[in-house]
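In what follows, a structure is listed as structure tokens, so that the remarks can point back to it.
The values are calculated or read from the model by the stated rules, or taken from the named source; none is laboratory data. Remember, it's a predicted structure, so these values are computed and weren't measured experimentally. Reconstructed Cβ throughout: ideal geometry from the backbone, glycine too, with neighbour counts over all protein chains shown.
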């Protein structure tokens, strides 16, 4: 479940967070919602026009109000290659803003480690 509420402990953890590139967040169920800017940047990065990008890589999100990235057959992000993002330089805002703008309660190994470390200190 997603959480947006922040405590001072969360701020400390966010200040120490460094992505390890494990790809766990790219395997979580849900949607990677796209902004118009995301679509433009991803299409350009992939040398596609926006229409072709939309047709090949997006689907209508469950909110029926915007587009999201398609998933691979295993549910992971369509751009996940092993543990690496195939479009890292042009990744969507939702991906770039993790974990500062949104997080899940558990499932990111580095955030879980930092939370466990913080609990041991207290």
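All conditions in (1) under 29 Å from residue 15 (Cα atoms); (2) loosely packed, with under 11 Cβ neighbours inside 10 Å; (3) over 15 Å from the mean Cα position of the chain (by Cα) hold for residue 112, with the sole exception of (2).
When we screen 30, 21 for residues that are at positive phi and either touching a strand residue (DSSP E or B) at 6+ places or on another chain (Cβ under 8 Å) or surrounded by 15 or more Cβ atoms within 10 Å (Cβ to Cβ) (or both), the only hit is 21. Just wondering, is there one or more residues in the range 51-71 that are under 19 Å from residue 26 (Cα atoms), assigned to a loop (DSSP other than H, G, I, E, B) and at pLDDT 95 or above? Yes, that holds for at least one residue. When you scan the range 107-117, do you find a residue that is in a loop (DSSP other than H, G, I, E, B), more than 18 Å from residue 26 (Cβ to Cβ) and either touching a residue at least 12 places away in the same chain (Cβ under 8 Å) or in contact with a strand residue (DSSP E or B) (Cβ under 8 Å, 6 or more places away or on another chain) (or both), even just one? There is no residue in the range 107-117 that is in a loop (DSSP other than H, G, I, E, B), more than 18 Å from residue 26 (Cβ to Cβ) and either touching a residue at least 12 places away in the same chain (Cβ under 8 Å) or in contact with a strand residue (DSSP E or B) (Cβ under 8 Å, 6 or more places away or on another chain) (or both).
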